[in-house]
Amino acid sequence: MTFSTSHLPSADRRRGLFIFLGVAYIGMWAAMAPLLVSGYRRGDAREGTGVLEQVCIGAAMLAPALAAILVVRCVERSGGVRDTLALRWPKPWGRAVRACLMAFAVPAGLTAGALAIGTFAGRYPFDGMHWQGLGSWAAAAVLNMLLSLPLFFGEEAGWQGYLFPRLAQDGTGRKLIRAYVITGAAFALWHLPTLLMGGQYPGRPWYVSVPAMLVSCLLVLPVFTWLRLRSGSVVPAIIGHAFVSSVSVDMVARFADSKAALDPLHMSMAGWPGWIVTGAFVAFLMSTGRLRPSFYPARTASQPASQSSCDPQTGSRVK
């Protein structure tokens, strides 16, 4: 897969990166300002969010997409926003369906693995499989995830649509690793305002939650990138991110003892059990070359597979 950024002048690329990060971070802090000023703190993982919290979170999640669109239109001026940020469905439709199902199945499997590790370690209060009501819960969880997709579009249009391709270009080796690390770190530190309020790790001080978020994002970002690379579209990454941040969190609460305290650091994708299973999966992707853009056919999300051919010298697919 060839990212469409190698033709950009290096000065425009650097300026665009700084503007993108500045707008994305300023947007996050501005959106969270009402909660920070009010002294809001989340002290329990079962605690819900009020209307003000939801509005602030929704506004913050749109900031990376707005930053990416601003840079593409006003700095790079290199093409349409949808094509440049890979915001099109994979085609043909069979490929799109498979890519979206993978975006469900992989996070679900990783979450189940994390809960199993937490249970065997004695840190997750597993309450058994209660089949009654499971179907209605699953339907409600998936519906809630689908309704939240526009918000996660706001994040992944920035991180996977803009930032990672600009850092990776078509590089390999250290350059590619650097792209994963910088994107993952930017993704994690962008959450700093919510971490200070106990958003992802309720009741934990910042010097625990910030390093934990860094580890989580550095591990999960390659999974989202893999979903984006294999499909040629950001859409599966959006779905995968939405699953991890909504259905996965609901799974932790659903299968736990209703009276037990929940600590994400010890029983979720955002905690050490999730780091183990996600790290193992990322190691598999890395060892098989699936985290390299060059592993995939050089086509966009809107191009069917029949439009790509194989280079007889390299064995890679080209247009």
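The values are calculated or read from the model by the stated rules, or taken from the named source; none is laboratory data. Keep in mind it's a predicted model, so treat the numbers as computed, not measured. When we count neighbours, we look across all protein chains shown, and the Cβ atoms used for this are built from the backbone with ideal geometry, even at glycine. What goes into the accessible areas is simple: the full protein's heavy atoms, side chains included, and nothing from ligands, DNA or RNA. Shrake-Rupley method; radii C 1.70, N 1.55, O 1.52, S 1.80 Å.
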Express the carbon and sulfur contribution to the solvent-accessible surface of the chain as a percent, rounded to the nearest whole number, probe 1.4 angstrom.
65
What helix-only [θ] at 222 nm does the chain give? Using -39500 (n - 2.57) per DSSP H run of at least 4, over all residues, to the nearest 500, the answer is -19500 deg cm²/dmol
Between TRP137 and ALA253, 0.36 nm times their residue separation minus their Cα-Cα distance comes to what?
40.6 nm
Taking the full set of protein chains and a 1.4 angstrom probe, give the accessible area of ARG41 in square angstrom, rounded to the nearest 10.
140
Taking every pair of distinct Cα atoms and averaging 1/r, then inverting, what Kirkwood hydrodynamic radius in Å comes out for the chain?
20.3
Anisotropy class of region 222-299 from Cα gyration tensor, a/c 1.5 cut:
oblate
Any idea of the accessible area per residue across the chain, 1.4 Å probe, to the nearest Å²?
46
At a 1.4 Å probe radius, which order do THR49, THR225 fall into by accessible area, largest first?
THR49, THR225
Would you mind working out the magnitude of the charge dipole of the chain relative to its Cα centre, with +1 at each Lys and Arg C-beta and -1 at each Asp and Glu C-beta, to the nearest 20 Debye?
1020
Once all protein chains are kept in place, PHE153 shows an accessible area at probe 1.4 Å, nearest 10 Å², of 70
To the nearest 10 degrees, the tilt of helix 134-147 (Cα long axis) against the first principal axis of the alpha carbons of the chain is 50
Global geometry of region 213-266, whether rounded, prolate or oblate, following the gyration tensor of its Cα atoms and the 1.5 cut on a/c
oblate
Could you pull the accessible area for SER148 with a 1.4 Å probe, rounded to 10 Å²?
20
So how tilted is helix 10-38 from the main axis of the chain? Cα-based, degrees 0 to 90, rounded to 10.
20
Taking every pair of alpha-carbon atoms in region 7-87, what share in percent sits in each 10 Å bin, from 0 to the bin with the longest distance?
17, 37, 24, 17, 6
Name the residue from ALA108, CYS74, GLY118 whose Cα lies farthest towards the positive end of the charge dipole of region 15-122, charges +1 on Cβ of Lys and Arg and -1 on Cβ of Asp and Glu.
CYS74
Largest first, how would HIS130, HIS266 line up by accessible area (1.4 Å probe)?
HIS130, HIS266
Projected area of region 150-220, taken from the Cα convex hull and averaged over every viewing direction, in nm²?
5.0
ALA280 versus PHE126, label points 7 Å from Cα toward the beta carbon: distance in nm?
1.3
Can you pull the one-decimal nm distance between simple spin-label points at TRP93 and ALA11, each 7 Å off the Cα toward Cβ?
4.8
